[in-house]
Each structure stands twice: as C-alpha cells, then as structure tokens.
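The values are calculated or read from the model by the stated rules, or taken from the named source; none is laboratory data. From a predicted model like this one, the values you see are computed outputs, not experimental measurements. A quick note on method: Cβ atoms are made from the backbone with ideal geometry, for glycine too, and the neighbour counts reach across all protein chains shown.
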Amino acid sequence: MKPSRKTIGEILSMSEREIYQYLKETDNTLQPTDSIKIMTFEHGIKALYYHKDVPKPYKTRVFLKNIES
C-alpha cells in the first residue's frame, strides 16, 4: 500500500529523519543508491537529491512555511 501524501504543515513538523523516510517512500524518482540531504532554514525545508558519487544534486524539493503564519 502506498503511503498517503502529507500536507506541507505535516511535513514541516517532522524531524529530518521522518522527512527522509517519507521522501524515500513517496518519491518514485529516487533510486536505491541515491541519497537525500535535508536542509532546514528560516522559511522551510529543502531536500537535495544526489546520485551516488555525483557531487551536484539532480533534484531539489522545497517545502515553504505559509507566508501568513
């Protein structure tokens, strides 16, 4: 069974480890040998996807906090 999609608020309240696991379970572009670097910053979270032995990320996902909050 495929995990359900989470809202941005739910993702932002997760720990880095939970976000990593969530992305591994829900993102079909991720290969078994790829890695994800989670970066938190003032306005949200950035996930950088890396292929094995390649220093430049091939994909970036950003989850931003609601501007009004």
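Every residue, every condition in (1) in contact with a helix residue (DSSP H, G or I) (Cβ under 8 Å, 6 or more places away or on another chain); (2) touching a residue at least 40 places away in the same chain (Cβ under 8 Å); (3) of a type outside the set (Asp, Glu), yes or no:
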residue: Ile8; (1), (2), (3): no, yes, yes
residue: Leu12; (1), (2), (3): no, yes, yes
residue: Tyr20; (1), (2), (3): no, no, yes
residue: Gln31; (1), (2), (3): no, no, yes
residue: Asp34; (1), (2), (3): no, no, no
residue: Glu42; (1), (2), (3): no, no, no
residue: Lys46; (1), (2), (3): no, no, yes
residue: Asp53; (1), (2), (3): no, no, no
residue: Thr60; (1), (2), (3): no, no, yes
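Listed here are the residues, each with its yes/no results for (1) in contact with an Asp or Glu (Cβ under 9 Å, 6 or more places away or on another chain); (2) basic (Lys, Arg); (3) modelled with pLDDT of 95 or more; (4) part of a helix (DSSP H, G or I).
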site: Arg5; (1), (2), (3), (4): no, yes, no, no
site: Arg17; (1), (2), (3), (4): no, yes, no, yes
site: Tyr20; (1), (2), (3), (4): no, no, no, yes
site: Lys52; (1), (2), (3), (4): yes, yes, no, no
site: Pro57; (1), (2), (3), (4): no, no, yes, no
site: Glu68; (1), (2), (3), (4): no, no, no, no
Handout entry: Tally, over the stretch 34-64, of residues that are basic (Lys, Arg) and exposed (fewer than 14 other Cβ atoms within 10 Å of the Cβ)
Key = 3
Exercise for the section: For the stretch 22-45, name all the residues that are among the β-branched types (Val, Ile, Thr) and either farther than 20 Å from Asn66 by Cα or assigned to a loop (DSSP other than H, G, I, E, B) (or both). Expected result: Thr26, Thr29, Thr33, Ile36
Handout entry: Residue tally, condition in contact with a strand residue (DSSP E or B) (Cβ under 9 Å, 6 or more places away or on another chain) and under 12 Å from Phe63 (Cβ atoms), over the stretch 17-50
Key = 10
